[in-house]
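Chemist: Please see the structure below; I have some questions.
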Amino acid sequence: MGKEMTSRERVLTAAAHREPDRVPMDFGGRISTIHAYAHRELKKHLGLEGGEEKIIGYMTYTVEPDPRLVERFGRDTISFYPNYGAGYQLKIDPETNTYSDEWGVKYRMPLDGYYFDPFQFPLANAETPADLDRHHWPDPRDPNRMRGVAEEIKATAAAGEKAILLGAPTLGIWLLPQFLRGMEQALMDLAGNRKLAEALAEKVTEWYEAYWDSALAEVGPYVDFVHMEGDLGDQNGPLFSPKTFREIYKPRLRRVIEAIKRRSSARIWLHSCGSIYWAIPDLIDAGVEVLNPVQVNAADMDSARLKREFGKDLTFWGGGCDPVVLQFGSPADVEAEVRRRIADFAPGGGFVFASIHNIQANVPPANIVAMFEAAHRYGVYE
């Protein structure tokens with residue numbers, strides 16, 4: 001084993017499909033972080049008092065981990081996200097426990113709930129493409145989106161210590177329509193109102209082409225990974241027809257990726273939950289280079305198979321511990337699970353260890369500690 005690498009060197013070596021000194025770690029951002037309730041219990045378990053609780057994802061009710069936890073468990077990455085457009089401010093109504101996002105989607109956390117669930121959809125009654133034109137669309141080039149963020153990214157890049165991820169300001173080209181229309185209606189559109197579904201996909205694609213062109217004009221040379229998201233699967237298979245994906249969304253995904261690549265050499269990092277084995281060849285063909293969260297307990301998502309078939313083309317970012325084991329297993333079960341996934345994903349590089357999506361509200365703190373300690377124990381390259 002050679003000399004110890006910096007965090008950024010470690011992540012970029014792994015992403016180039018070479019073995020670094022150890023498996024890189026991710027803990028934070030909006031997709032590999034921890035629910036606020038679990039965060040509180042973890043700090044209590046470790047005897048950590050005080051510190052700010054910074055909610056970074058209200059829908060998932062997740063936090064940026066306490067710096068003391070980051071130091072203890074390790075992190076080789078840092079994620080940045082754009083601001084909202086000027087004129088919008090997220091405000092939670094304390095009487096109804098609701099808020100509306102920048103796009104007009106309304107969310108509510110039920111009594112004793114864990115998440116803010118979408119329940120009102122601004123385009124629910126749209127029937128034709130003309131109805132979409134009458135909707136108020138946020139400005140993708142709003143200069144407020146990168147105000148302050150660009151300076152932080154440049155300073156982090158100058159320090160050269162962490163791999164930098166820049167996240168998208170909203171959901172992806174097939175997922176955002178499900179929030180604007182409501183999931184059931186958006187999926188029915190694919191079969192019963194294809195013209196509207198395609199028009200909405202085109203609107204979102206054009207929005208993203210403009211957004212990335214504007215944001216990356218400021219920070220493109222400083223970003224290592226561009227983070228997009230859009231779930232394509234549930235636990236057992238695709239959310240909609242693979243044929244529909246290839247006809248409507250894949251060409252538009254390619255266009256968004258091309259817009260990114262015109263402004264940056266950053267690797268394309270896609271968050272897509274569920275059973276998505278069926279989609280991986282198409283994602284690679286469209287230009288995706290990093291896949292998250294790698295839901296290994298979903299159908300057809302066996303870690304050894306994924307590595308064997310796609311490990312030359314994809315970096316797997318996540319996949320560290322089956323969330324069922326993490327929540328319901330013992331610390332010894334968690335350790336064995338982490339050891340297995342590292343053995344499957346780590347050889348030859350192309351792996352960044354993280355939880356599978358965010359650590360959920362009721363995960364025992366002892367299991368969280370066991371997961372990260374096992375990752376450090378077994379994630380060393382010989």
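Nothing in this text is a laboratory measurement; each read-out follows from the coordinates by a stated rule. Just so you know, these numbers come straight off a predicted model, no measurement behind them. Heads up, the Cβs are rebuilt from the backbone with ideal geometry, glycines too, and the neighbour counts pull from every protein chain shown.
Chemist: Counting only DSSP beta bridges with both residues in the chain, tell me the antiparallel percent, nearest 5.
Modeler: Expressed as a percentage, antiparallel bridges in the chain total about 40.
Chemist: Right, another one. Of Glu229, Glu49, Glu152, which is the most mobile in a GNM of the chain whose springs link Cα atoms less than 10 angstrom apart?
Modeler: Glu49
Chemist: To continue, here is another question. Please report the spacing between the Cα centers of segment 230-285 and segment 121-186 in Å, no decimals.
Modeler: 16 Å
Chemist: Suppose every K and R has +1 on its Cβ and every D and E has -1 on its Cβ; what is the size of the dipole of the chain about the Cα centre, in Debye to the nearest 20?
Modeler: So the magnitude is around 620 debye.
Chemist: Shape of the chain from its Cα gyration tensor (a ≥ b ≥ c, root eigenvalues): rounded if a/c is under 1.5, otherwise prolate when a/b > b/c, or oblate?
Modeler: Note, shape of the chain comes out rounded.
Chemist: If you don't mind, another one. List the residues whose amide H sits under 5 Å from the amide H of Gly167, counting only those 5 or more places along or on another chain, with H placed 1.01 Å from N in the peptide plane.
Modeler: Phe80, Tyr81, His227
Chemist: Would you work out the relative contact order for the chain, in percent, from Cα pairs under 8 angstrom that are 6 or more residues apart?
Modeler: Rounded, it is 21 percent for the chain.
Chemist: Taking +1 at the Cβ of each Lys and Arg and -1 at the Cβ of each Asp and Glu, which of Val369, Gly167, His17 sits farthest along the dipole of the chain towards its positive end, judged by Cα position relative to the Cα centre?
Modeler: His17
Chemist: Sticking with this structure for a sec: Let me spell out the model: positive unit charges on the Cβ of Lys and Arg, negative unit charges on the Cβ of Asp and Glu, origin at the Cα centre of segment 29-135. What dipole size does that give, in debye rounded to 20?
Modeler: 320 debye
Chemist: By Kyte-Doolittle mean hydropathy of at least 1.0 and Cα axial length of at least 24 Å, which whole DSSP H helices of the chain are selected?
Modeler: Span-like helices, by this rule, are absent here.
Chemist: Another question, then. For segment 269-343, what relative contact order do you get, as a whole percent, if you take Cα pairs closer than 8 Å and at least 6 residues apart?
Modeler: Relative contact order of segment 269-343: 29 percent.
Chemist: When Lys and Arg each count +1 and Asp and Glu each count -1, what net charge do the other residues less than 13 Å away from Pro118, Cβ to Cβ, add up to?
Modeler: 0
Chemist: List every residue whose amide H lies under 5 Å from the amide H of Phe351, counting only residues 5 or more places away in sequence or on a different chain, with H placed 1.01 Å from N in the peptide plane.
Modeler: Phe316
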